[in-house]
Amino acid sequence: EDKVVQSPLSLVVHEGDTVTLNCSYEVTNFRSLLWYKQEKKAPTFLFMLTSSGIEKKSGRLSSILDKKELSSILNITATQTGDSAIYLCAVDPTSGSRLTFGEGTQLTVNP
Amino acid sequence: NAGVTQTPKFQVLKTGQSMTLQCAQDMNHNSMYWYRQDPGMGLRLIYYSASEGTTDKGEVPNGYNVSRLNKREFSLRLESAAPSQTSVYFCASSRGLQETQYFGPGTRLLVL
């Protein structure tokens, strides 16, 4: 059975801090890993990672995949209160047709 | 483009009542999905439709039925609601299976 584990489950930081969120997975025939940000509404897409070692960046957010370690990290630098959200990691296996989601990391950024 | 839309946004049902959650997308996507999200459990797939005319069970299909009405619309039906179905329901769509999924705003359902 495919499995995605995120850590930590929750994190409280101050504005300006840098955070690293972790995602590890066990899937048969890995195809891609996706990160989503969920505020008080639906998840919104952040990154899709398919190749190991290649960093994806968008502003203060960046993510990298390590296929050898079966994991990915999401970094947020110079955090802002608007970064407060649940960050979801999902894995897409080639053998299946659907994403498997982790529980998410609840990030709270205090002013 | 509105993207993925869902109705209603919020619904309260009594145990045993039935209702249909509606989902539509205007991105010309082939694949559509229904998820439920519960605290501590992440998103779980209920049903999905790879393309118009096909539907398949996901991880937690019991108690639900779906209809892919056309390429745009994918509805989720609860025939006899139970308190265990209290949840937030998300519809999503993607260009094809194994492509990035885009989510609707969600429907919050409370079953008393």
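Some observations on this one:
- Subset of region A:29-64 (residues that are within 14 Å of another protein chain (Cβ to nearest Cβ) and not in a strand (DSSP E or B)): A:N29, A:E39, A:K40, A:K41, A:A42, A:T50
- Taking region A:1-35 as the range and being among the hydroxyl-bearing types (S, T, Y), open to solvent by less than 20 Å² (accessible area, probe 1.4 Å) and more than 10 Å from A:G102 (Cβ to Cβ) as the test, only A:S32 passes.
- Looking across B:Q17, B:Q6, B:Q22, one residue alone is at negative phi, within 10 Å of the chain's Cα centre (by Cα) and open to solvent by 70 Å² or more (accessible area, probe 1.4 Å). It is B:Q22.
- Which numbered condition B:Q6 misses (of (1) under 25 Å from A:L46 (Cβ atoms); (2) within 12 Å of another protein chain (Cβ to nearest Cβ); (3) at pLDDT below 95): (3)
- Checked against (1) buried (at least 17 other Cβ atoms within 10 Å of the Cβ); (2) within 14 Å of chain A (Cβ to nearest Cβ), B:R68 meets all criteria but (2).
- Once region B:90-105 is narrowed to residues that are more than 7 Å from chain A (Cβ to nearest Cβ) and open to solvent by 20 Å² or more (accessible area, probe 1.4 Å), the residue that is nearest to B:S51 (Cα to Cα) is B:R95.
- Qualifying residue in region A:97-107 (condition: away from chain B (no Cβ under 14 Å) and not acidic (D, E)): yes
- Test: residue in region A:67-75 that is on the phi > 0 side of the Ramachandran plot, aliphatic (A, V, I, L, M) and away from chain B (no Cβ under 14 Å): yes
- Scan of region B:76-89 for residues that are surrounded by fewer than 21 Cβ atoms within 10 Å (Cβ to Cβ), more than 14 Å from every other protein chain (Cβ to nearest Cβ) and under 11 Å from the mean Cα position of the chain (by Cα), ordered by number: B:R77, B:L78
- A:L107 being surrounded by fewer than 22 Cβ atoms within 10 Å (Cβ to Cβ), on the phi < 0 side of the Ramachandran plot and either of a type in the set (D, E) or in contact (Cβ under 8 Å) with a residue 40 or more places away in the chain (or both): yes
- Conditions (1) in contact with a Pro (Cβ under 7 Å, 6 or more places away or on another chain); (2) in a strand (DSSP E or B); number of the one not met by A:S24: (1)
- Within region A:37-88, tally of residues that are touching a Gly at 6+ places or on another chain (Cβ under 8 Å) and within 26 Å of B:F10 (Cα to Cα): 6
- Contact map, region B:43-54: residues that are within 7 Å of another protein chain (Cβ to nearest Cβ) paired with residues that are among the acidic types (D, E) and assigned to a loop (DSSP other than H, G, I, E, B), Cβ distance under 8 Å, separation 6+ or inter-chain. Pairs shown: B:L45/B:E59.
- Some residue of region A:67-87 being of a type outside the set (V, I, T), farther than 26 Å from A:H14 by Cβ, in contact with a Cys (Cβ under 7 Å, 6 or more places away or on another chain) and open to solvent by 10 Å² or more (accessible area, probe 1.4 Å): yes
The values are calculated or read from the model by the stated rules, or taken from the named source; none is laboratory data. Fair warning: this is a prediction, and the values are worked out from it, not measured in the lab. Methodologically, a virtual Cβ is constructed for each residue, glycine included, from the backbone with ideal geometry; neighbour enumeration extends over all protein chains shown. Please note that ligands, DNA and RNA were not included when accessible areas were found on the heavy atoms of the full protein model with its side chains. Shrake-Rupley method; radii C 1.70, N 1.55, O 1.52, S 1.80 Å.
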